[in-house]
Amino acid sequence: MAKKDSKGRKDTKGSGSAEDERGAKDAKGGRTGAQRAEESAVAMRDALRVPVGERISLSSYDASATPGGATAPRSKADGRAARTRMAEPLAGLQERLWAASTAGDHRRVLLVLQGMDTSGKGGTVKHVIGLFNPVGCRVRGFKAPTPEELEHDFLWRIRRQLPLHGELGIFDRSYYEDVLVGRVRELAPRTEIESRYDRINDFERALADDGTTIVKCFLHISFEEQRLRLLRRLADPDKHWKFSPSDIDDRTLWPAYQEAYEIALERCSSDAAPWYLIPADRKWYRNWAISRLLLEHLTALDPQYPKPDIDVEACRKRLREEG
């Protein structure tokens, strides 16, 4: 029987460990910890990234997998501890990005969260975005369009909620709803739905050209795990407000939604705006993986505090002389 690789996809290759080979090279090459960390970060992005231009079959991805090789935690306790260790560097990088914007740096980050109900979009906002200073974050959720929004192009409401320079923007659902729910529920003519993929690609390319780093995460949950989470919601009176009978109705459309996601992942994953497939059956892994992705992207941006336009020594002298 074919096993599944580190991405949770079926793999028929041999069982030799690339991690072991890299470890041996580290010992011989004498690379620094920083160099090894940088290389493992790149490997992590590769482990989660959806191949560009390839057909995607979600059934071939294990929603309970923990991609990342030796980098990934192996238990809930390890995952929480690893995420806690990322809190300080994440907050520091975010502060630098915000500070750099005051000196004209136009760069910003947009985290797009998509997934079936209960896949953890809200949980990600709570546990991952909670690591950042809320002053520099812009969290927006997209439900069914309002009558006013329906009078405009589907991207109109999105443009109004984009993060400003220096901000970390988070979309809990996004413009992809218009090729997901829109496709499954036939909320627009098929020709209109088909045209939206190219318009999304153009939109994301323009954002990237304007200095936006786009991190699109598809939270991949299994059919059975969703059922268990819905049952837990019904068992907890404090969670009843999050439940709707339509959640059960949507489960009857699971194959159609999976196909809609596969099409979106295939047609709208590009070098400028790649998709990352996050196994979401394990909440602790989901939170760690998205935290790690944000850390990698912010580290690659390497924002810098602006150089002061004041005479620091003169200001220090004035304050000392006051006493």
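Between rounded, prolate and oblate, where does region 136-178 land on the alpha carbon gyration tensor, with a ≥ b ≥ c its root eigenvalues, rounded for a/c under 1.5, else prolate if a/b exceeds b/c?
prolate
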Item to check | Options ASN201, LEU293, PRO306, ranked by Cα towards positive dipole end of the chain, top entry (Cβ charges) | outcome: LEU293
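Scanning the chain for GluC sites (Glu not before Pro) in DSSP loops with at most 15 other Cβ atoms within 10 Å, what's the longest stretch left with none?
Excluding the exposed sites themselves, the longest stretch runs over 187-323.
Can you tell me the dipole magnitude for region 266-323 around its Cα centre, using point charges on the Cβ only (Lys, Arg +1; Asp, Glu -1), in Debye to the nearest 20?
On the way: 10 positive and 10 negative charges, 63 e Å.
Around 300 debye, computed over region 266-323.
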Item to check | Three-way shape call for region 122-202 based on the alpha-carbon gyration tensor, with the a/c threshold at 1.5 | outcome: prolate
Checklist outcome for this item: Using alpha-carbon positions, the gyration tensor of region 245-311 gives root eigenvalues a ≥ b ≥ c; with a/c under 1.5 called rounded, otherwise prolate if a/b exceeds b/c, else oblate, the class is prolate
Checklist outcome for this item: Output for region 167-264: trypsin sites (Lys or Arg not before Pro) sitting in coil per DSSP, at most 16 other Cβ within 10 Å, listed by number, reads ARG185
Item to check | Rounded Å value of the spacing that divides the Cα centres of region 254-323 and region 112-145 | outcome: 13
Next on the checklist: Would you report the distance distribution of C-alpha pairs in region 171-224 as whole percents per 5 angstrom bin, up to the bin with the largest distance?
Outcome noted: 4, 16, 22, 23, 18, 12, 5, 1, 0
Item to check | Radius ratio Rg over Rh of region 205-323, counting only Cα atoms, Kirkwood formula for Rh | outcome: 1.25
Next on the checklist: Charges on Cβ only, +1 for Lys and Arg, -1 for Asp and Glu, centred on the Cα centroid of the chain; of LEU168, TYR257, PRO134, which one is farthest towards the dipole's positive end?
Outcome noted: PRO134
Next on the checklist: Need the C-alpha centroid separation for region 59-86 versus region 155-178, integer Å.
Outcome noted: 28
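Please report the relative contact order for region 149-227, taking Cα pairs under 8 Å with a sequence separation of at least 6, and give it as a percent rounded to a whole number. Intermediate values should be presented prior to the final figure.
Numbers: 23 pairs, mean separation 12.8, N = 79.
Reported relative contact order: 16 percent.
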Checklist outcome for this item: Spelling it out for GLY115: with amide H atoms placed in the peptide plane at 1.01 Å from N, the residues 5 or more places away or on another chain with amide H under 5 Å from its amide H are LEU219
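Over the chain, what per residue volume does the convex hull of the Cα atoms give, in whole Å³? Can you show the working numbers first?
Working: hull volume 65.7 nm³, N = 323.
In the chain, the Cα convex hull volume per residue is 203 Å³.
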Checklist outcome for this item: For the chain, the dipole about the Cα centre with charges only on Cβ (Lys and Arg +1, Asp and Glu -1), to the nearest 20 debye, works out at 1060
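Throughout, read-outs are computed from the coordinates displayed, never taken from laboratory work. As the structure is a computational prediction, the values presented were derived from the model and not from experiment. As a convention, Cβ positions derive from the backbone with ideal geometry for all residues, glycine included, and neighbour counts pool all protein chains shown.
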